[in-house]
Every structure is written in structure tokens, then in C-alpha cells.
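Before any comments, here is the structure.
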Amino acid sequence: MGYSQTLPQQRPRYFIKCAAVTALIFLIASACAAQATPAGQPEIPWPVDLKKYPGLLEEFGHLMEKLQHNLQFPPVRGQSRLLPLLPQTTIAYAAFPNYGDVTHQALKIFQQELQASPVLRDWWQHGEPVTAGPKLEDSLEKAYQLSQYLGEEIVVSGAAEGREPSLLILAEVRKPGLQQVLQQMVKDLAGKSKPPVRVLDLRELATAEDRRPTQELIVLLRPDFVVGALDLATLRSFNARLERNSREFVSTPFGQRVAQAYEGGATLLAAADLQKLLNQVPPGAKQDQTFQRTGFADVKYLVWEHKGVAGQAASQMELSFTGPRHGVASWLAAPAPLGSLDFVSTKAIVAGTIVLRNPAQIFEDVKEIATASNPNAFATITQSEEALKLNLKEDLLKLLGGEITLELDNPIPPDPVWKAILRVNDPNRLQQTLTTLLTAAHFGAEQSDVGGVTYHAVRIPAPKKATEIGYAFVDGYLIIGSSQETVAESVRLHKTGESLGKSKKFLASLPPGHASEASALLYQDPIAMMTQRLRLVSPEMAESLSQVAGQSTPAVVCAYGEESAIRQASTSATLDAGVVLVVAAIAIPNLLRSRIAANEASTVGMIRTVNVAQVTYAAAYPQRGFAPDLATLGPDPGGTGAASADHAGLIDATLGNASCTAGKWCTKSGFRFTIKAVCLQQQCGQFVVVGTPVASNTGGRSFCSTSDGVIRFTTGPPLTAPVSASECRAWSPLQ
């Protein structure tokens, strides 16, 4: 079956919601900035003057409502015709439906609203969009025209073929005429500049020249498919695969996992073979003991999908491992009842809960990882324990149950309202520990009994105003709040059942197909947060926003720790998209840094190998001294295996091939290498070997070494020419 017919009214509208909510936030933030301009100072220009256009906020609300109810989205897909065509070495995959018709519908709805709403039309024609608006409409119209030539799905993939990953963009061609449309769009996009896209047909592909190092997207137009890549080699290789009707990818484990994600109907889908990505890292870096201890060296696949579950549209993410989770990866406990939510207020704008497997063991894991690289990392903690006569692990962490909830009701200073709820195993002993810590810190504490509950109020001195923190132990939980009144209100909610955890609104927001138990949970009411901040500068605008939002649906994301996987699920598409972006913002730079570190480690090892090879060469051929280039240190290009003064066979053919002669750069692991020698009558008495990144995203440092054998480095952009021995010695020695 190619399609699933479920969810006719719950197709993925979240990208429209995201756009609308983003626009709304942008408008309100602009208004806040203007409202907050101090008297006497020039007013900061902002895009939307809500005073000049009264009622505009309500019109945006009407527009959002019509977009959400009137758009007809593409049907979910139960399989992909493009997936089997990908290379067997594919390690990353993303698939999107063709949203051309949806974009066109949205534009038509907006244009209808412009005609029906004088205030919206006045703002569009005379406000900030007066110049950008027509361009936006024109761009959307052109995108719609292009989409009419494409199939139902667009796939973007990455494959590990050769030294660097290759990118592919693939879609089916729906009807002829795409070449003329695409070429005109490229021409319009480029203007007077050089086009960033090169469009080829099959005949032109055979004779096209590689224009490297210029970065351009090369698009191949076939009668059946349109294919994009960043280099001709990838494009030609994939075209040959299409000619052979090759379908190896779906027979690989990763291909089968991606195909499985389509089952039940998928709209958006993204996946990565993390184990193969890790295999791209040089062995030395991959086997780093610190990384091994985290447990993330065993990651297998990352899969994110938006699909239908139990009659609802939902998003799911899976991080799988090759075996049972261990180390840091095992800190997230198995799903459990989240009793701490029974103390959380329905007025919370943000609340987050996590269940940790064993806080005391986590402390030991952190200690082991930290002291592996720095034996004195925990020296200060040990000294503090001795001074206080307390053991952090025995007297605190072992007393905690692992469930922790943080709640924020009001973030606005000077009196923010917040709570922390922790499950405890031994309240009496934990109270003794807290008393010892408060006494040592010289913080005053008061105690009162109300309704059978003992409340503690701690006053923390401050230059302007002392801060009060309250806490109490109730039914196996420690409730800490921004005041004693906040704690008392939390206890009341727990006793009356009026808490967030018991509210119908919250329960209805939980992901379908999952039990109420979870390993972690994030709750957010974005409209409530926005309204609170807006009340400081414009109570009237805040009231308008509340009316526009109506009964807003909170955003809830849950995580579930399994033996060999961590799963995430959400029906809150707007927040879910944000979570994906946050994860990407964190993960991508870290993956880049890991790749850079691995490349640099490989480069240092290569330079060290060249140093050893040079010493060996000078001893074997004293009449030559040091080798003048990498090719001389490499193997005989004839394949005889014989060593000679011209081809000593001391380094492998990756860098020691016949083309790596003096003055030429040769590439390995994201770095370029060369040797510069100082020779007199064919005898070289000095040399400098240099390794510099191919680009800034493959390395942050350049390395060199001379006949003294010391490896040195410098930071900065990649080198364009080799350095001399004296310049190399001025760099910093590698420790």
C-alpha cells in the first residue's frame, strides 16, 4: 500500500503552525521592544506598529485559524519509491512530501483574507511588508510552479563514498517541461551573478567538466528523475546506478530500518546510521576511553518521524544502541509513574521531569570520567566532605529516588515563582543533611507546622533584599519553592487533586499509544509565557493575545528509556520541531568538533609517521639525505614492491603516491599534506612536513614538523602554501 488513509483531518499542519507562531512571536517581540523604549530616547523602529493598525493581532488569529482548518495536506506515505534507489553506502536520509499544493492553498487563503480584512490589507500594502510582501508572494508562486513538475516525495541523503560524504537530492519527474522552468528560475535567482546551480541533461552530463573548488549544486534532469549533487562524480555514479536499476540499499540493515519507519504512514522522516558515522572517525579517536565510558560509542540509528498513531498525528524519535545502554547513556531510567506532577500547578508555563536510574551511581560515573583525565578533579569535593563531616554520596545522593521535576510559574523578576520536586528515600536523614549544610552556610531557617505538614523557610542574605526559599517533605517527596506560600500551594494541589498531573488538558496532550508512565517529560504553555511577558509592557495587548489564543493546547514531549534505545514522542508539533532544532543545534556542532578532533589526531599521527620515515630514509640513502617529497617516501607506482631511493615504500600510497611531488598537496582525513625540503646538489639536509585543513569545518589547526622531530601547530584558516623550517619552529610545540 502506497498510502495510509487515516487521519484525514489531522494531517501534519505543524509547519504552518510553526510559521504562524513564529510570525506572531516576532510581532509581539517587536511590540514589546517598542513599548519598552524609555521616555526621552529615540523610538526603536519595529516591523509592526500595533497602535497604527489596531485589530491586526486579532486578524492574525483569524488567519491562523483558517490555515489550520482549510488546508488540504498531502496524504501520508506508507512506502517510498525513492528509498530503494539510494546507494548502499547511504548513512543519512530525510524525506519530505511535495508541499507545493499546500503552499499554493496557503497563499490563496492569505490573499482572500487581504481582500476581506481592511486592517490586514492596510498593513500589507503600507506597512513593513510593502516591499518584501510582493517578493514573498512571487517566490511562493514560483515554488508552486516548480512543484507541479515533481513527484509526491523529495529525498535528501548522504552517503559515505570515498574520503568525504556525498550529498544527493532526489525526486520523481511528474511531467515534461521541468528543464525550461528550472533554468529560468536559476537565471532569475542568479541575476547578474554566477548561477549557484548548474542544470544538465543526460547528454551534457557525459561531457561536463568539474569546476572544483567552486561550490555549486549540479542538477541532472532525466525523463524519470531529477537528481542534485555537489560534484559530478556523485551524480555520474548515481546515474549509472539508476541505469542498472540497482536497489541494494533496502537490503542493508539501515535501509530496512528506514523502510520500517514508513509503516503506518509517515509524513516527514529523517534518519542517520550513527554507527557508520562513527566508523568514519579514525580508530585512535573512536577508541578514546572517555568516549567509551559515556556509552554513546554504541549508538546505532537515529530516526525521527511524523506519522499517525492511534488516530492522532504524532512525532516520534528513536535513538537506538547496538546493545544494552551503559555509562552516561544508561542514566535515563525505565518509564515510571511521575508522581511529582501531582505537586505541579496548572498555571505552570514550563515544567520538566526526569527519572534517573541511580543518582549515587551517576556520581560514581562522573567521578570516573573526570578523574580519568584529571586525577585531582574531585579534590575540592573531598576536602569539603571532610570539613562538613558529610559524604556526598551516602548522605545525599543515596537518599534521592531519582525523580526530579522543575516548574516555572512566573519567570518575571524580581519575584519569580518556581518549584523543584524530588522523590526521596529517607526524608528524616535527608533533613539532617540539609540542616548540616544550612548551618555551615550560615543561612537562617524557620520552621512551622500547618495541617500536619512541617514547612521550612530559609532566608538567604542579599545586598538589596533577602531571598526566601521554602521546603517541605510530603508523601515521599521534597518540595522546594520560591517561597513558603508557593510550597504550601503545591501541597494543597497534591491533596485536592487539582494539580497539572490530574488535569484533563494535560492528560489529553500526552502522546497516543503510550502509557502514562515515562522516563522524562517536558511541558510548556508558550502562549501563557508570551502573555505574561507582554503584560509588563501592554496589558491590553496581552488580553488580545489571550483572546486570539483561546484555549491553547500545551506542548508535551515524553521520553522513554528502554534497554537498548531511548524513544521520544509528542503530539505537540510546534514544540517537537523546536526540540529537533535544539537537538540539531547541539548535536551538529559537537559532531563537527568530534570530526575535527579526529581529523587533527589523524594528522598528528601522519606527521609523526613521516618523521620516522624521513629518519629511516636518510639512514638508508645517506647520499640523498632526507626525501624531497611524499612520493619519494611512498611505494613504487609500478606495483613491484621494491624499495629504492626514488620510491622507498616507507609510507602508504594514500599520501605517498606518484602525484605527491614537491609543491603538491595531497589529501587525507580532511587535511592536505606536503613536504618542503632544503636540498643542495640532490642532497637534502632539512625538511618541513605540513598538514593543513582542507576547509575550516575539517580542522581548526595546521601542523608541521622539521628534521628536529618536534610536531608544532598554529590556529587560524587553512594554509595556501607550505611554510619554511624557520617558520615552522616559530609555531607552538604540541604537548
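FYI, it's all coordinate maths here, none of it is from the lab. Model, not experiment: these values are computed from the prediction. All Cβ positions, glycine included, derive from the backbone under ideal geometry; neighbour counts span all protein chains shown.
A few notes on this one:
- Cβ-Cβ FRET estimate between Arg211 and Gln111, R0 fixed at 30 Å, reported to 0.05: 0.15
- Legend: calculated FRET efficiency, Ala360 to His442, from the Cβ-Cβ distance at R0 = 41 Å, rounded to 0.05, equals 0.90.
- Counted by Cβ distance under 11 Å from Leu217, the other residues give a net charge of -1, where Lys and Arg count +1 and Asp and Glu count -1.
- Centre separation in Å (Cα based) which lies between segment 168-189 and segment 70-108: 17
- For Arg672, nonlocal amide neighbours, meaning residues 5 or more places apart or on other chains whose placed amide H falls under 5 Å from its own, are Thr692, Val694.
- Given Lys108/Lys135; Lys175/Lys307; Lys419/Lys495, the pairs whose alpha carbons are separated by over 23 Å: Lys175/Lys307
- Computed lengthening from Lys52 to Thr454, 0.36 nm per intervening residue step minus Cα-Cα distance: 139.2 nm
- Taking θ as phi - 60° and the Karplus parameters 6.51, -1.76 and 1.60, the scalar couplings of segment 439-444 work out to 5, 5, 8, 6, 9, x Hz in sequence order, x denoting glycine and proline.
- The charge dipole of segment 592-733, taken about its Cα centre with unit charges on the Cβ of Lys, Arg, Asp and Glu (plus for the first two, minus for the last two), comes to roughly 420 debye.
- Prolate/oblate/rounded label for segment 634-735 (Cα gyration tensor, a/c 1.5): oblate
- Inter-part distance where segment 630-644 and segment 669-735 are each reduced to a Cα centre, Å: 23
- Spin-label pair Lys194/Ile412, simplified geometry with 7 Å Cα→Cβ offset, distance in nm: 5.5
- Highest average first, the peptides 701-713, 382-394, 722-734 ordered by how many other beta carbon atoms sit within 10 Å of their residues are 701-713, 722-734, 382-394.
- Set of segment 678-704 residues, backbone N closer than 18 Å to the point 7 Å along the Cα-Cβ line of Ala233: 694-695, 698
- Within the straight-line cut-off of under 17 Å between alpha carbons, the aspartates and glutamates reachable from Lys142 are Asp101, Asp188, sequence neighbours fewer than 8 places apart in one chain being disregarded.
- Placing a label point 7 Å from the Cα of Glu485 along the Cα-to-Cβ direction, no residue of segment 330-353 has a backbone N closer than 13 Å.
- Projected label distance in nm at Leu136 and Arg244, using a 7 Å step from Cα toward the beta-carbon: 4.8
- Contour excess over end-to-end distance, with Cα ends at Phe296 and Asn391 and 0.36 nm allotted per residue: 31.2 nm
- Ranking Ala441, Leu332, Val453 by Cα position along the charge dipole of segment 330-458, where only Lys, Arg, Asp and Glu carry charges on their C-beta atoms, puts Leu332 farthest toward the positive end.
- A full extension of the chain between Thr609 and Arg174 corresponds to an added length of 151.1 nm, given 0.36 nm per residue minus the alpha carbon distance.
- Take each peptide in 414-425, 169-180, count the other Cβ atoms within 10 Å of every residue, and average; sorted highest first, the result is 414-425, 169-180.
- Charge sum, other residues only, whose C-beta stays under 10 Å from Tyr477's C-beta, Lys/Arg counted +1 and Asp/Glu -1: -2
- Positive minus negative residues near Ile169 (Lys, Arg vs Asp, Glu; Cβ under 14 Å): -2
- For segment 324-571, taking the reciprocal of the average inverse distance between every pair of different Cα atoms yields a Kirkwood hydrodynamic radius of 20.1 Å.
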